[in-house]
Number of protein chains: 2
Amino acid sequence: MANAADRAYQAIRAAILDRTFPPNSRLKEAELVAFCGVSRTPVREALRRLAAEDFVKIQRNQGAQVRSWSSDDLDDLFSLRALLEGYAAGRAAKRISDADLREIAAAIDEMDAVLAGGAAQQRKVAEFLRLNRIVHEIVWRASGSARLVSMLGRLVEQALTAHTAQKYSLSRVAQSHHHHQELLHALRARDEAWAEAIMRSHIRAARQALDPVPTENAAGGGE
Amino acid sequence: MANAADRAYQAIRAAILDRTFPPNSRLKEAELVAFCGVSRTPVREALRRLAAEDFVKIQRNQGAQVRSWSSDDLDDLFSLRALLEGYAAGRAAKRISDADLREIAAAIDEMDAVLAGGAAQQRKVAEFLRLNRIVHEIVWRASGSARLVSMLGRLVEQALTAHTAQKYSLSRVAQSHHHHQELLHALRARDEAWAEAIMRSHIRAARQALDPVPTENAAGGGE
DNA sequence: ACCGCTCCGATTGTATACACTAGTGCGCGA
DNA sequence: TCGCGCACTAGTGTATACAATCGGAGCGGT
């Protein structure tokens with residue numbers, strides 16, 4: 001990651017995710033040069049890459065703009081994620097190794113510990129999300145499709161932009177936690193249809209949680 | 001498309017597809033400069049884009065190499081395509097407009113004409129593939145998911161690399177043609193499950209046709 | 001003879017200068 | 001006063017020069 005282009009990519013991406021560069025803001029190459037401390041060439045390369053990953057939109061001779069996501073975009077995004085993650089989970093149920101199952105179990109145990117511990121809520125949620133990502137990535141890889149892994153990685157990255165704007169509630173996190181436990185059971189049982197179904201629920205619930213209007217007790221993100 | 005970078009992209013991509021740059025061959029920037037008639041900057045940009053679309057593989061300080069696809073890669077690719085195109089067709093069945101249905105019908109009629117006409121076989125197949133792409137794209141767009149359109153576009157582009165190496169048989173094309181006709185019936189009937197199922201068959205048959213070992217009467221590509 | 005080290009050439013990565021495009025604001029004319 | 005057009009400028013697109021890096025060839029030591 002010593003690359004100037006990579007550093008620029010990381011820096012700009014991080015700034016987009018934490019709203020330093022808010023949605024729809026224009027990213028001028030000269031500003032980014034100052035921001036990243038590298039010359040225009042790697043900055044341009046980083047922007048093209050971010051455009052390929054849908055973080056920014058580039059129009060010819062008019063530079064880059066941070067992409068914004070409408071509610072419909074999010075529906076679209078999470079529908080596809082549910083389809084693909086469900087498919088991945090189903091394939092994983094047939095193929096997953098015992099070692100991977102143990103890793104998932106370990107991650108779930110760690111989640112237990114985090115949630116039961118005395119850390120600040122924000123810290124708990126952050127830890128949970130990190131472990132959540134680990135669980136999902138194990139499942140992706142266990143699906144045996146490299147292409148699926150990269151597609152899902154991309155979709156999840158895009159969802160991140162929406163997620164970081166959200167407050168996360170512990171009740172939402174607890175629901176996710178239960179999904180993970182059930183997923184583990186389904187995978188252990190090598191039950192393809194069950195794994196697919198619970199994963200789809202997991203993702204669709206995550207979409208719902210992003211909506212500004214809470215249905216009953218809590219609004220919050222995370223999956 | 002007057003861009004130097006775009007021209008470089010098109011030129012290199014075309015050369016990869018028609019095997020001017022065969023799989024695994026190394027693409028040196030200096031050579032591409034001569035080949036495309038533009039300077040290194042746009043050539044590099046084109047390469048990065050081709051890498052993002054999986055046409056080439058770039059390793060740091062070691063340049064770009066044309067990607068090759070193993071049989072497993074193709075299985076993977078077509079499995080995902082079947083899943084996503086099926087999904088798209090199902091959604092399209094619920095949403096497609098009468099105008100789009102007429103366009104599909106028109107394309108199918110044109111296919112009829114092409115196949116019944118007296119053109120050379122190669123010409124027939126090329127025309128058929130063009131119309132095939134049109135039909136698929138109408139279905140994609142009718143699914144109402146922009147993201148799905150771009151993902152499928154990408155997957156199909158990747159499949160192209162494998163397809164161009166193939167001989168296309170007319171019997172294979174005829175099978176595809178029947179799939180299209182049945183798809184149109186399913187869409188007209190607004191039968192989501194039917195549309196999804198026939199589209200999945202269509203794609204899986206296309207995968208099968210790419211295998212070097214013909215099962216019975218013919219090997220050939222195209223979908 | 002074989003292994004490892006160093007130097008050199010080839011190739012990619014980065015910076016910067018120059019070219020072009022498009023958007024903007026001012027001025028001129030009606 | 002309003003509309004049109006032109007010039008100016010900010011910003012992106014392209015070319016090229018310079019720096020860093022990798023791989024291989026040649027040499028020397030063991």
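Read-outs: derived from the displayed coordinates by stated rules, not from any lab. Small disclaimer: the values here were computed from a predicted structure and weren't measured. Here the Cβ positions follow ideal geometry from the backbone for every residue, glycine too, while neighbour counts run over all protein chains shown.
Starting from the Cα coordinates of segment A:103-142, work out the convex hull volume and express it per residue in Å³. Walk me through the numbers on the way to the answer.
Numbers: hull volume 1.6 nm³, N = 40.
Spread over its residues, the Cα hull of segment A:103-142 gives 40 Å³ apiece.
Would you mind finding the longest exposed-site-free stretch of chain A, with exposed trypsin sites (Lys or Arg not before Pro) meaning DSSP loop and at most 16 other Cβ atoms within 10 Å? Could you put the intermediate results ahead of the total?
Details: sites that count: A:Arg19, A:Lys28, A:Arg60, A:Lys167, A:Arg190.
For trypsin sites (Lys or Arg not before Pro) (loop position, at most 16 other Cβ atoms within 10 Å), the longest site-free span of chain A is A:61-166.
Rounded to the nearest 20 Debye, what is the dipole magnitude of segment A:48-145 about its Cα centre when Lys and Arg each give +1 and Asp and Glu each give -1 at the C-beta? Please list the in-between numbers first.
Details: 15 positive and 15 negative charges, 93 e Å.
Dipole of segment A:48-145, to the nearest 20 debye: 440 debye.
Can you list residues whose amide H is under 5 Å from A:Leu27's amide H, if they're 5+ apart or on another chain and H is modeled 1.01 Å from N?
The answer is A:Ala64, A:Gln65, A:Val66.
Using alpha carbons only, how many degrees (0 to 90, rounded to 10) separate the axis of helix A:40-52 from the longest principal axis of chain A?
Around 40 degrees separate the two axes.
Provide the per-residue ³J(HN,Hα) series for segment B:99-116, in order, calculated from phi with Karplus coefficients 6.51, -1.76, 1.60 and θ = phi - 60°, each as a whole number of Hz, with x at glycine and proline positions.
Going residue by residue, I get 4, 5, 4, 5, 5, 4, 4, 5, 5, 5, 4, 5, 4, 3, 4, 4, 5, 7 Hz, with x marking Gly and Pro.
Rounded to two decimals, what is the ratio between the C-alpha radius of gyration of segment B:22-100 and 2.2 N^0.38 Å? Could you put the intermediate results ahead of the total?
Numbers: Rg = 18.4 Å, N = 79, 2.2 N^0.38 = 11.6 Å.
Relative to the rule-of-thumb radius for its length, segment B:22-100 sits at 1.59.
Over the Cα atoms of segment A:108-199, how large are the radius of gyration and the largest Cα-Cα distance (Dmax), in Å?
Calculated on Cα positions, Rg and Dmax stand at 14.0, 40 Å.
Step through the table entries A:Lys57/A:Lys94; A:Lys28/B:Lys57; A:Lys124/B:Lys94, compare each Cα-Cα distance with 31 Å, and write down the pairs that go over it.
Numbers: A:Lys57/A:Lys94 39 Å; A:Lys28/B:Lys57 29 Å; A:Lys124/B:Lys94 43 Å.
Among A:Lys57/A:Lys94; A:Lys28/B:Lys57; A:Lys124/B:Lys94, the Cα-Cα distance tops 31 Å for A:Lys57/A:Lys94; A:Lys124/B:Lys94.
Give me the dipole magnitude in Debye, nearest 20, for chain B about the Cα centre, with unit charges on the beta carbon: positive for Lys and Arg, negative for Asp and Glu.
Details: 31 positive and 28 negative charges, 155 e Å.
Computed charge dipole of chain B: roughly 740 debye.
Using Cα pairs under 8 angstrom and six or more residues apart, how large is the relative contact order of chain B, in percent? Mind dumping the intermediate values first?
Numbers: 279 pairs, mean separation 52.0, N = 223.
Relative contact order for chain B comes out at 23 percent.
In square nanometres, what is one fourth of the surface area of the convex hull spanned by the alpha carbons of segment A:65-164? Display every interim value, and only then the final one.
Working: hull surface 30.1 nm².
It is 7.5 nm².
Relative contact order of segment A:20-150, please, whole-number percent, based on alpha carbon pairs below 8 angstrom and at least 6 residues apart.
On the way: 101 pairs, mean separation 30.1, N = 131.
Over segment A:20-150, the number comes to 23 percent.
To check my understanding: the extent here is largest minus smallest coordinate of the Cα atoms along each principal axis. What are those three numbers for the protein assembly as shown, in Å, largest first?
Extents along the principal axes, in whole Å: 78, 52, 44.
For segment A:61-108, what's the radius of gyration and Dmax over Cα atoms, in angstrom?
Over segment A:61-108's Cα set, Rg and Dmax evaluate to 17.6, 53 Å.
I want to check the label-to-label distance for A:Leu115 and B:Ala106. Put each point 7 Å from Cα in the C-beta direction and report it in nm to one decimal.
5.6
Under the 0.36 nm per residue contour assumption, what length would be gained going from the current alpha-carbon distance of B:Ser171 and B:Arg204 to full extension?
On the way: separation 33, 0.36 × 33 = 11.88 nm, distance 1.60 nm.
Taking B:Ser171 through B:Arg204 to full extension adds about 10.3 nm, to one decimal.
If you place +1 on the Cβ of every Lys and Arg, -1 on the Cβ of every Asp and Glu, and leave all else neutral, what size is the dipole of the protein assembly as shown about its Cα centre, to the nearest 20 Debye? Please list the in-between numbers first.
Working: 62 positive and 56 negative charges, 274 e Å.
Roughly 1320 debye for the protein assembly as shown.
Would you please state the base-10 log of I(q)/I(0) at q = 0.10, 0.11, 0.16 1/Å for segment B:1-135, with intensities from the Debye formula using one equal scatterer on every alpha carbon?
Treating every Cα as an identical point scatterer, log10 I(q)/I(0) equals -0.53, -0.63, -1.00.
Using helices alone, I'd like the mean residue ellipticity at 222 nm for chain B: each DSSP H run of four-plus residues gives -39500 (n - 2.57), total over residue count, nearest 500.
Details: 9 runs with 156 residues, N = 223.
Rounded to the nearest 500, the figure is -23500 deg cm²/dmol.
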